Amino acid sequence: MDHFGQMMYAPLLLPSLLEQAARHAGRVEIVSRRVEGDIHRYTYADCHRRTMQLANALTAAGIAPGDRIGTLAWNGYRHMEIYYATAGIGAVCHTINPRLFPEQVSYIINHARDRFLCFDATFLPLVAQIAPQCPHVERWILLGDASALPDDFPVPLESYEALLDGQPQSFAWPELDERQAALLCYTSGTTGNPKGVLYSHRSTYLMAYASALPDALDLHAADTVAPVVPMFHVSAWGLPFSAALVGAKLVMPGPRLDGASLTELFTQEGVTVSAGVPTVWLGMVDHMRRSGERCATLARVIVGGAACPPQLAEALGGLGIRAVHAWGMTELSPVGTVCTPSHGYAEKTAEERARIDAKQGRAIPGIDMKLVGAAGEELPWDGRSAGDLMVRGHWVVERYFGAEGSALENGWFATGDVATIDADGYMQITDRSKDVIKSGGEWISSIELENIALSHPEIELAACIAAAHPKWDERPLLIAVRRAGSSLSAKELLDFYAGKVAKWWVPDDVVFVPELPLTATGKLQKLVLRQRFGQHLVR
Ligand code: ADP
């Protein structure tokens, strides 16, 4: 007799999540705002049927295990069908960020060797531009029906609905190895060319389980979940999988991500929980304040992708919406930490709680973290020692797509973030390692200085960079955008730091600019700012 337990075994495969939802929450809706302008609604059972039609169509079209299907698409039901059908037949859904430069988009499509490319009508001009540069793409599929196809286009197009038409509504999902690749996502490439991260069924499946937990995204069958975070980057934080796992209603906002459109959709559909980057919530707060509109059902939003400024959490709180801070990255599929209360939280003062809420949170089960100092030594979890954040776990990258060697250092992945961890396990990002400001050998957190600037009522956006300094090597320099009509001076803004940080942390100067450069994922492009203003203090 062998030593195995004698329990049923089935590999952890993604289609089983949809099948589960279709069987046990079959009447629960998936509602999508479409590029066509209307609202589409159907159920998990319908989604499963159409996903099986797509699986049949792709198989008939010769898509084989391991092949890549690219997508340039907003959050919506068709994109969800592609996620599940491609993965289900053993192929790979390669999501592409349409906000990248066209040259990066074609680079990624060629690097991944996508065989088919599925795209929303919004991206017709982009596809027209890049198609001639992507000779390996065999079929360009517009996510719509035949009437949406343009008359004249540089490459032959076909419609997604025609592809599905007439295909059988059942499909026997093959029993793949759970380590089989399922999804491919490239990093934003803020430094050099984007790198691909190839998620497996098992990694994404386990992340869906862990991220649905109460101390993670806290998802329930009775919830209505709206992923604003795009399905074209880091699979919308896994929500198309974790929402199906719990059988929650899904609301997909499509292309309209401004405050007014989101408030309208959320109110109409009774959204209870949503997830997105800080800029999305800034837009919503702004809209609600100006219009007086509220969304009574919206209890919670998960804020991640960039640091959530404390005044944003406060503003959301004032509108009856709790901000939950989370951290992750492409290489983590992406969920790493979520900021939820641990023992002792309830007894703390409001001020202490706000300080905890501003942190990026505790590792969700399945993820381990550590901090490493300059000499490679492990740093204590004292909430003060800042070092390189290293992670390992079931949904952390092992090597980049197409790379020869491992991406790990002694079994750990270096995130490129600098952080502290406190005794309760709350991690706080202080910087990206390449953005750290080193003044006289001491580190200053640019995120903390930015948050203070952002808490000034006349500041709209702020970035703090390391500027060369003759005596201290580097000193913090603030680049800021004033609100319309403000004539705030540099001195007034610098005086605002008094009492909020140690004197030597206060930036040396402020440069006001009309706007700040952002990356394709809406993050500050500090490299560009350093190139422009890095010598500001030595002139
Ligand atoms: P890219 O790395 O390609 O810019 P990602 O979406 O993978 O795109 O970004 C991951 C990075 O975003 C993290 O390494 C971190 O620097 C930053 N980040 C994500 N969430 C947070 C957060 N809550 N607070 C601060 N930084 C964050």
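The values are calculated or read from the model by the stated rules, or taken from the named source; none is laboratory data. Just so it is clear, the structure is predicted and the values come from calculations on it, not from any experiment. We place every Cβ from the backbone using ideal geometry, glycine too, and count neighbours over all the protein chains shown.
So is Leu494 under 22 Å from Arg532 (Cα atoms), without any contact (Cβ under 8 Å) to a residue 24 or more places away in the chain and either out of contact with any helix residue (DSSP H, G or I) (no Cβ under 9 Å at 6 or more places or on another chain) or more than 16 Å from the ligand (Cβ to nearest atom) (or both) or not? For Leu494, the condition - under 22 Å from Arg532 (Cα atoms), without any contact (Cβ under 8 Å) to a residue 24 or more places away in the chain and either out of contact with any helix residue (DSSP H, G or I) (no Cβ under 9 Å at 6 or more places or on another chain) or more than 16 Å from the ligand (Cβ to nearest atom) (or both) - is met. Taking the criterion of being more than 7 Å from the ligand (Cβ to nearest atom) and of a type in the set (A, V, I, L, M, F, W, C), the residues of segment 304-329 that qualify are Leu312, Ala313, Ala315, Leu316, Leu319, Ile321, Ala323, Val324.
Just wondering, is there one or more residues in segment 360-378 that are within 16 Å of the ligand (Cβ to nearest atom), at pLDDT below 95 and out of contact with any strand residue (DSSP E or B) (no Cβ under 8 Å at 6 or more places or on another chain)?
no
Do you know which residues across segment 276-322 are surrounded by fewer than 23 Cβ atoms within 10 Å (Cβ to Cβ), in contact (Cβ under 8 Å) with a residue 40 or more places away in the chain and assigned to a strand (DSSP E or B)? Listed by number, the list holds a single entry, Arg300. Kindly evaluate Ala57 against the criterion of being more than 22 Å from Ala221 (Cβ to Cβ), in contact with a strand residue (DSSP E or B) (Cβ under 7 Å, 6 or more places away or on another chain), at pLDDT 95 or above and not in a strand (DSSP E or B). So Ala57 fails the test. Which residues, taken from segment 217-253, are within 16 Å of the ligand (Cβ to nearest atom) and in a loop (DSSP other than H, G, I, E, B)? Those that are within 16 Å of the ligand (Cβ to nearest atom) and in a loop (DSSP other than H, G, I, E, B): Leu217, Val228, Val229, Pro230, Met231, Phe232, His233.
Put simply, of Leu488, Leu527, Leu516 the only residue that is free of Cβ contacts under 8 Å to residues at least 60 places away in the same chain, within 16 Å of the ligand (Cβ to nearest atom) and of a type in the set (A, V, I, L, M, F, W, C) is Leu516. When each of Val35, Val31 is tested for being under 26 Å from the mean Cα position of the chain (by Cα), part of a loop (DSSP other than H, G, I, E, B) and surrounded by 12 or more Cβ atoms within 10 Å (Cβ to Cβ), the lone residue that passes is Val35. Among the residues of segment 146-198, how many are in contact with a Ser or Thr (Cβ under 8 Å, 6 or more places away or on another chain), in a loop (DSSP other than H, G, I, E, B) and within 16 Å of the ligand (Cβ to nearest atom)? The qualifying residues number 5.
Does Val396 fit the bill of being farther than 24 Å from Leu527 by Cα, touching a strand residue (DSSP E or B) at 6+ places or on another chain (Cβ under 9 Å), within 13 Å of the ligand (Cβ to nearest atom) and in contact (Cβ under 8 Å) with a residue 12 or more places away in the chain? For Val396, the condition - farther than 24 Å from Leu527 by Cα, touching a strand residue (DSSP E or B) at 6+ places or on another chain (Cβ under 9 Å), within 13 Å of the ligand (Cβ to nearest atom) and in contact (Cβ under 8 Å) with a residue 12 or more places away in the chain - is met.
Residues of segment 399-421 that are acidic (Asp, Glu) and either crowded, with 16+ Cβ neighbours inside 10 Å or assigned to a strand (DSSP E or B) (or both): Glu409, Asp417.
Given the conditions (1) small (Gly, Ala, Ser); (2) modelled with pLDDT of 95 or more; (3) under 21 Å from Ser188 (Cβ atoms), and given that Gly405 satisfies all but one, which numbered condition is not satisfied? That leaves (3) as the condition not met.
Suppose we filter Glu352, Glu293 for residues that are away from the ligand (no atom under 16 Å from the Cβ), out of contact with any Pro (no Cβ under 9 Å at 6 or more places or on another chain) and more than 19 Å from Ala260 (Cβ to Cβ); which single one remains? The match here is Glu352.
Would a scan of segment 256-268 turn up a residue that is within 25 Å of Asn97 (Cα to Cα), of a type in the set (Asp, Glu) and surrounded by fewer than 19 Cβ atoms within 10 Å (Cβ to Cβ)? Taking every residue of segment 256-268 in turn, at least one turns out to be within 25 Å of Asn97 (Cα to Cα), of a type in the set (Asp, Glu) and surrounded by fewer than 19 Cβ atoms within 10 Å (Cβ to Cβ). Considering segment 425-539, the qualifying strands (runs of 3 or more DSSP E), each wholly inside and each with 2 or more residues that are over 25 Å from Leu389 (Cβ atoms) and in contact with a strand residue (DSSP E or B) (Cβ under 9 Å, 6 or more places away or on another chain), run over 459-469, 473-482, 509-512. The single condition among (1) surrounded by 18 or more Cβ atoms within 10 Å (Cβ to Cβ); (2) more than 29 Å from Gly328 (Cβ to Cβ); (3) not hydrophobic (A, V, I, L, M, F, W, C) that Asp435 does not meet is (2).
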